[in-house]
Each structure stands twice: as structure tokens, then as C-alpha cells.
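Notes follow the structure.
The values are calculated or read from the model by the stated rules, or taken from the named source; none is laboratory data. Note that the structure is predicted; figures quoted are calculated from it, not measured. Note that we place each Cβ from the backbone using ideal geometry, even for glycine, and neighbour counts take in every protein chain shown. Note: accessible area is taken over every heavy atom of the protein model, side chains too, but ligands, DNA and RNA are not part of it. Shrake-Rupley method; radii C 1.70, N 1.55, O 1.52, S 1.80 Å.
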Amino acid sequence: MRCTYACGSESHLSRRSFLEGAATGALSLAGFAGMTQVRAAEELASKQKQVVVFDLHGGVSQLETWDPKPNTDNGGPFEAIPTSVPGVYISELLPHSAKIMHHLALVRGVNTKEDDHGKGSYIMHTGHRQTPGFEYPYLGPAFSTLLTPAGSPLPGYIKVASGGNPREASFLGPRHAPVAIAGDKPPANLGLPDGVDAESDKRRREMRAKIGQRFVQGRRQAMTEAYNSSFDQAAALIARKDIFDFNTIPDAEQERYGKHDFGKHTLMARKLLENGITFVQVQHSNYDTHSENFNFHIEQLGEFDRTFATFVTDLADRGMLKHTLIIVLSEFGRTPKINHLQGRDHWSKAWSVAVGGCGIKGGAVVGKTNENGTAVIDREVNGGHLFHTYYRAVGLDPTKAFYHEGRPFHKADPATGPITEILA
Amino acid sequence: MLTNSRMGTLARPSVATDTTGALASGADRTGKIAHPTRRDGIFWIVAATLCWSAAASAADPLHVQIDKLIAAQTPDFDKLAAPIAGDEEFLRRITLDLTGMIPNVRQAREFLADTVVDKRVKLIDRLLASPEHARHMQREFDVMLMRRLPATHVPVAEWDKFLRDSFAQNKPWDQLVREILAADGSDPAQRGPARFYLARNGDLHEITRDVGKLFLGTNLECAQCHDHPQVEEWKQEHYYGLAAFFVRSFVHTDKDKKVTLAEKAEGEVSFESVFEIRDKKSKGPKTSGLKLFSAATISEPKFAAPPEAYTVAPNDKDKAVRPVPKFSRRAKFAEFIASVENRRFCRSTANRLWSMMMGRGIVHPLEMDHALNPPSHPLLLALLTEELAAREMNVRDFLRELALTQTYQRSSQRLAAVPNQPEPAESTFAVAPLKPLTPAQFAWAMLVATDELDLQRRAQGDKFSEDTFLAGTEQRFVQLFGGEPGRPPDSFASTADQVLFLANDPLVLNLLKPRGDNLAERLLKLPADNPVAVAEDLFLSTLTRRPTLDEVKDVTSYLSGKAGDPRSQAVQELIWAAISSSEFRFNH
């Protein structure tokens, strides 16, 4: 009797269908690249769910953002202001975000119980606590695998200006590892080198194909097809390299987003999403404010707020919000108690995450912390709940595990469930 | 070696696929204890008997017996099987498999022109004895054993040196593994092998998992938290029987900041099934002694009082004192596991070495050796297990036998396939597989094909060090092409960024530029009216074969009418087309 592990599992199928897609040779230069850009974008818009993550690196303060506690011991100097959603108040450091609150939902009862940067980040990006022997794929590679249309020549997961570690993809493989772009610059090697023009590039590829055609006669072809199809993908990517060209963005647009790095990166994220990239992550650094918490948050959120609100508004105006999930996360929040350096330290016991767009009920607020913000008193959630929610929001079933070498890798902790209160 | 005195005489052979109790006592059904120290002699006896019935004779050399068993397993094997590969295909494959490189153009010409009958045997022997073989084995086993873990506590160079020296002297595999498993880093001469534990930070579960996978052919990861849900014979207690060997070990830092793996004389594993906890059926945590699967628990010396259990007792007030127990569970593990007496170890090693050469395990995947996933060729695996043990785990000798088989030397190309006849399954080993080049092989192959290696060697003279020269190049390939290490080739994936690198990156394109009598320079020096010579050199240098007539025509028309810079450009394009072709990307 043959062992049946992994058979019929999703990860197994997706790998196979990827290879089959390649084997039929359906993808060629006449495929994606042949479409006009607008049509391609429309096609994508009609079907493809997309995700953008804003990673407020270092640990953003929930008290200076989504869950203010003004006039309490721990509240700090800032007021809470009303938002576009009656009865919902956020920190006065986010005046622009307040105006688009009807597009967002707030999860105020996050307790991840992990105050270490690396481990906290792992929970937020994989939905799981680090477990020896289980290299969970990150959210980016997972959604790249599950949401990217078969045969798309574009990378499924792009990280803007924060580096990319191939290990994020774990067993999902290099096809879904993050492609890192340095802010407003394209990925490496998209341009033809000196001395090779389009014509000679075509000529050398044809010669390459001839050698390959003779080679495959009588040989097994699954792997050679996969190899050849990646050449088609690369050619298609080169044909669409304009999507990485920051110079095509009018100056007025750059003004609206702010002419700082985060503004540029967010604008690049919009451009990538418009061009059909499945999963884009932008980082804003650094919120690790052990001292001078309030001054740093004025400065950091001053950048974040307007740029982020402009971005969400643009997505709404362009009809992209209905198929784009927005997640604003960090690795944890910050201590309610203010330390002697006017700082706040790491605090994972009671903090907030904001989400919006695809599948999310705009204006919803779930979870509650106590009066001085030290503990969750209603609807406590952790990374598992958040992952169930992200998957449901984009129409995927988080209870179907990935399978790798016969072992299930849960997309979201089965001991938890989705935060239905904020799902549309 | 097989001898008649060890042949069993079963009247009716039956197949014993004993995988759980590979260490169970070898009660020979003939009533004759063939080899009392070999605990699962039954394996061998049954196998040998069936070998006999399959017309493979113990008088045959091992490689002949292998071929007979491969053929006997698949009906109509001769009709399905690909022919023996020609010299070109064989030369490229064996050089890649044994040295991690492709042959250069001179080696190719020499071998193809050689008319000696046993030139393949001579080549195999020469390659196995070469320093490049030791280096290749070092790289392969480094990736397999260390999964490209970052350097922690031990510099990677010391580990690499240990591996390379070991393979260069053809250290028996059990000895090599014993040295790794016994090294705790306290002996300055054994810092290299201590990387195995120290880079894993002495982590109990990481070590338990990895020794199971690497040395026993069992992926027990699932059994850390509960009995394996799919593999009935893998129990949680098996996982903890292994873990018990390591539960007392920990990473220790002494007063000179020297980091070693130390061990206490107390501490037991404790486990409870998460399913039973969930279903409220658990009777509380259990423990396990030193135990390999269902074999008997290994006894440990008893000490009256805690201080007596130590040669150097731990000091609660001074943690810098490194405790040394009188009985080391970890040392016991090294001696117990890495031994020819442990047939599970021999079997997983035989399967692994087979897979390195043949592209797929007889048990496949390699770490899934259990009853529900039987070997494709049970008798063959039994034979290989016994032979490897009988040859005292002589890796080079074993690889030699595999390389000599027709199975290994078959073409990856089926000629005149019978219409409507399905392609034989990979598990039949009837056709040689395509094996994607590892990142290191890919890097080396490019440097050899373009003659960059020789060029640097000539330019730098005595100062030339292949390792230094390669470090940068190989690293780029590993970063880009190194998916998950140690995985079989069915995980092959190719991505656009890899192709962009091949197509447009200066590192690759610089190899193509004519200079210092490298490939491009040499091709350009050939007379313009002799494109046949250009095609011949180009194909031999890159693909280790002569071009077909069509290819000569292609090259001729590619270069036709071109002189000066355009000709130089065209030559570089031709080289690129060859090294980026699928024929180059795979070991076929």
C-alpha cells in the first residue's frame, strides 16, 4: 500500500498545477505580456484579491494611535479625536486617518504574549509562535501562493525597501519568496546589459531554445518545461518593467504622498498593486521608543498619517479597496506605563491592529482594553485570530492546512477562529 | 562480501520489510545464526535467498547483482529501459556526480578519443581518487548535515576542513558520523565536527529531529507532540526514546568564553500527547529511557549519590565549571547509532548514497522509511544495506559499485519509444533522471565551461586558491538557486529572478567576454571560414558533446558574415545560449 500523505492537499496541488501550467506552454510571450497594460489590470481587478501590509517597525504605541487613553495615568499628553465613524475616537496624532476611519476596522484586544522583537514579528507575520521544526511560511508567500493567478509573470510578493529573506517562503519555494525592491528602484537585472540590445537578446534566446528542443526529445520534460517557462516569465517581466519605474509618477502625486521615503514607498506600493502584484509590504521604521516616546511618535506618525490616509483614499477612489486587504501591524505595542525617560517599552499584552478594505466591515471596532490600557477586558485575540480573519477577508479557507512532507502546517492556529465582528 | 556460508536456505522465501524493528533480534528462520552480531540478519538472509531466485548470484560483483535486481522488479524491463548512455553523456554525468564539476574541453577530448575498453572504469577510479571528489563530497554533505545553518560558535571553515579531510582519506561513514556525534567541542582538535551540535545551539528537538532524518531514515517531527498521524508505526515514545540521549546536553560557556556542549548526569524526557490532553484522555506525562524505536531500553550505570555520577561535578555557585558526567548519554548515542550493527543506519546510508547517484531513493522520500512507504526494490535495498555493512561503510567503494552499474550508466533519453507505451515511472530506474545542478555545481560548471577557472589559475600562479576564488561566485549562486537544501529534485523550481541573473548579470556576462585564451577568445581565434571547428569547441566545452549537423548549421548561420565586434558579440551570445540551455541546467 502506498502512503497517501500530502496527496490532495492544497500545497501539493498548487505546485502541481504550477508545473502543469508551465508544461502546457500556455504561458509564452503572447500571454501576459501580450495584453495591454490596462486590460491586464482590469482582468486582475475583476478576479484577484490583493493585500498590502504596513509594518510599523519597532513596536508602535497603541496609545498614540488606535486606542488612546487620554486623561489617565498612562495616557500621555495627547487627546483623542472623533473620526468619520460616530463614537470611535483615535489619537490626535492621526487626524487624516480619522477621516477615513469608515474604511478601517480596529482590533483593540490583541494579546500576543511576546515582547521580543524577532519573536513578536514572527507571530504577526506567520500567525504562529516560533516552534522548532516548523518553519511556517510568512503571510506574503502564503497569499502569493494562494492568490496569484497561475501563469502570472509578476512576482507574487514584493517588499518595498525592507529587504527580503528567502526563508519567509519556507516550503512554498522561491517562486513565492519576497522580491525586494529598494524603494523607488526596480529589481536587479531587469535591464539588458551593455552590448546586448533587444534584437540580439531575442537571437540568443532563440538559439537557446533550439538547443533545448533537441535536448528534450525522448527525455522527461516536467523540469525542463519549468525551467523554460521561467525564461518566458523573465522576458514578460522585462516587458513590464515600467511598473517599477518611479519616474513615471507625476510630481504632484509625490507631493500628495509626502516627499519622504515612506511617502515614496507607499506610492510605489500603490503602483505595484495597480499592476497586479498580489502582496506588497511597506515598512515604516522606527517606533522602538524606549525614550522620548511622545516626540518620536509625533515625528513618525506625522509621516505615516497623511501618507497612509492618502493611500487608502486613493484605493477607495479607484475601486481597489473592495479587492485589496490593508493590514497595519507592528511586532507589539508599547507599555502603558511611561518610563523615566518619557519612553514606553515593549508591551504585547494589550495592543491594537488596524485592517481595512477587502472583506472588512469599515468602521467596526472589536475588543476593549481596561481604563488605563494595561489589559484586554473584552474579546482578546492573538496571531491565530488575526490570521483566520485575514484569510476569511480575502475569501480563503484558513482551516485547510498547507501540507509539507506529510505534515500539516496550519494557516491559522486551529485553536482560534476569525474575528467575525469585523468581517463584512 | 557475500559468502556461501552466510547464505540462507529458506524453502519459501517471504519478504520481510522490517522497518520498525530494524534492530530487533535477528532470529534466523533457518535456525542457523548466520552472523550473531548482526542483529537483523533475517534481512540479509531473506534478501540473499531471493537474490538467488532472481538469478543474481553472489558470485557476481555487486554492480551486476544490482542490475539484475533492478531488472527483475519491473515486468518487461528490457523493453522499457533506456539504452546505455554514450561516452559523452556518461562523461558529463559521472564527472558532475563525483566531482561537482563538468569536464573541461581537454578532458572531454581525451576521454572521447580514448579507445581502451575499460575506460569508464578507469575514469571512475581516477575521479574517485581526485581531490575534487573530496571537495564535492564535503559540499554535498555539508548541505545535507547542516542545512546551511549560519556559523554559531564554530567557524564553518573548521567544519569544512574536517569533512574534506575525512572524505579525502575515505574515512568509513560510521566512523565519520561517530566523530561528529561524539564531538562536543571540548577537544580543540575536534572543534570542526562540533559544529553539528553547536550550530543547533544544543537544541533538544532540533537535534532529535535531525539525527532521525539523517541517520535513521525517519522523519519523526510529527511525533514530537503526538503519535504520527499518518505513519502508524512512528510513536511519540520513539521520538522521546531518541530525545532521551540528548536531554541532558546543553551549551556551556566556560571562564575563557569557550563554548562547548556539556552534559549533566540527571534529567529525563517528559512527554504527553497533545491529542490526549485535548480529549482529556491523558494519564499524565510519561518518560522514556534510551531507546531506539521498539528495541529494548539501553541500560545505564547506576550511581549511589549524585556527586558520584560526575567526573567533574557541576558547581551551582560557579556556572563556568563545565560538568562532566561519568556516563555520557550523548557519547552512548554516537557509539550506538553510527555502527554497522545498526542496520537502520546502514540502510538509510545506503539509500542516501544511492539517491545521490541515481537521483531518487529506493525508499523515497529518504526520510520516510516506514511500512506504508515501502522501497521500490526491497531486495535491492536489503542487499545494499548488507553490502555497505560488509564493506565497513566504505563510501568510495560503494559509490564505485553504483557508478559501474548499467542502471547508473543508462541514458536519460529513451530512443525509439514504443508508441502508446507510457513512460516508465521514475521508481523503475529504467531511464536516467534529470538532476538539477546544485547551486555549487551550477557555479562550477559555468566557470569550467567558459575556462574562467583555468584563466584564473594561470593568472594567479601559486597564489591561486580555488576556494577563495569561488567563494564569491558560489555564494551568489547559493543565494539565488539554493532552495531548500537536501531536498530531492522533485522540488525543482525556477524563478524569473534566477533567469534575470543568468541573462543580464555582470557576473555571468563577464565570463563570456573574450580574454586570456578563455572559451570566447579561443573561438574567436578559430578561422572565420571554419564554423565547424567553432561549433565543435563550443559544444564540447559547454555541453560535453559534439554538435549535431543541425547545430553546426545553426552556428554557421549565426556567425555568417560577421567580423570584428559583431563576431565577438555573436560568439558570446552562442556561449550564453549553451550555458543557459536546459541541457546545461541539468545533470542528465
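Pick from B:310, B:239: which is under 28 Å from residue B:343 (Cα atoms) and open to solvent by less than 70 Å² (accessible area, probe 1.4 Å)?
B:239
Every condition in (1) part of a helix (DSSP H, G or I); (2) farther than 30 Å from residue B:433 by Cβ; (3) touching a Gly at 6+ places or on another chain (Cβ under 8 Å) holds for residue A:242 except the one numbered (3).
For every residue, the table says whether it meets (1) acidic (Asp, Glu); (2) touching an Asp or Glu at 6+ places or on another chain (Cβ under 9 Å); (3) open to solvent by 10 Å² or more (accessible area, probe 1.4 Å); (4) more than 14 Å from chain A (Cβ to nearest Cβ).
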| position | (1), (2), (3), (4) |
| --- | --- |
| B:391 | no, yes, yes, yes |
| B:446 | no, yes, no, yes |
| B:457 | no, yes, yes, yes |
| B:468 | no, no, yes, yes |
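Only one of B:250, B:245, B:215 is open to solvent by 10 Å² or more (accessible area, probe 1.4 Å), of a type outside the set (D, E, K, R) and modelled with pLDDT of 95 or more. Can you tell me which? The conditions single out B:250.
Looking across region B:86-144, the residues that are touching a residue at least 60 places away in the same chain (Cβ under 8 Å), open to solvent by 40 Å² or more (accessible area, probe 1.4 Å) and within 28 Å of residue B:481 (Cα to Cα) come down to B:88, B:139, B:140. Considering (1) open to solvent by less than 30 Å² (accessible area, probe 1.4 Å); (2) more than 9 Å from chain B (Cβ to nearest Cβ); (3) in contact with a strand residue (DSSP E or B) (Cβ under 7 Å, 6 or more places away or on another chain), the lone condition that residue A:161 does not fulfil carries the number (1).
Of all residues in region B:301-309, none are part of a loop (DSSP other than H, G, I, E, B), in the same structural domain as residue B:176 (by TED's automatic domain parsing) and among the acidic types (Asp, Glu).
Of all residue pairs spaced 6 or more apart or on separate chains, those with beta-carbon atoms under 7 Å, a first member in region B:559-577 that is more than 9 Å from residue A:200 (Cβ to Cβ) and a second member that is not in a helix (DSSP H, G or I) are B:563/B:528; B:568/B:514; B:572/B:513; B:575/B:450. On the basis of being assigned to a helix (DSSP H, G or I), touching a residue at least 24 places away in the same chain (Cβ under 8 Å) and among the aliphatic types (A, V, I, L, M), does residue A:396 make the cut? Criteria not met by residue A:396. Looking across B:426, B:367, one residue alone is in contact (Cβ under 8 Å) with a residue 24 or more places away in the chain and crowded, with 21+ Cβ neighbours inside 10 Å. It is B:367. When the residues of region A:192-215 are filtered to those that are more than 7 Å from chain B (Cβ to nearest Cβ) and not charged (D, E, K, R), the one that is surrounded by the most Cβ atoms within 10 Å (Cβ to Cβ) is A:196. Within region B:174-203, the residues that satisfy the criterion of being open to solvent by 40 Å² or more (accessible area, probe 1.4 Å) and not in a loop (DSSP other than H, G, I, E, B) are B:175, B:178, B:179, B:182, B:188, B:189, B:190.
Of the residues making up region A:402-417, those that are in a strand (DSSP E or B) and at pLDDT 90 or above are A:402, A:409. Of the residues making up region A:79-97, just one is part of a helix (DSSP H, G or I) and closer than 22 Å to residue A:332 by Cα, namely A:97. Flag: residue A:123 matches the condition of being of a type in the set (Val, Ile, Thr), open to solvent by less than 20 Å² (accessible area, probe 1.4 Å) and more than 8 Å from chain B (Cβ to nearest Cβ).
Exactly one residue out of B:200, B:209 is within 18 Å of residue B:290 (Cα to Cα), of a type in the set (Lys, Arg) and within 13 Å of chain A (Cβ to nearest Cβ): that is B:209.
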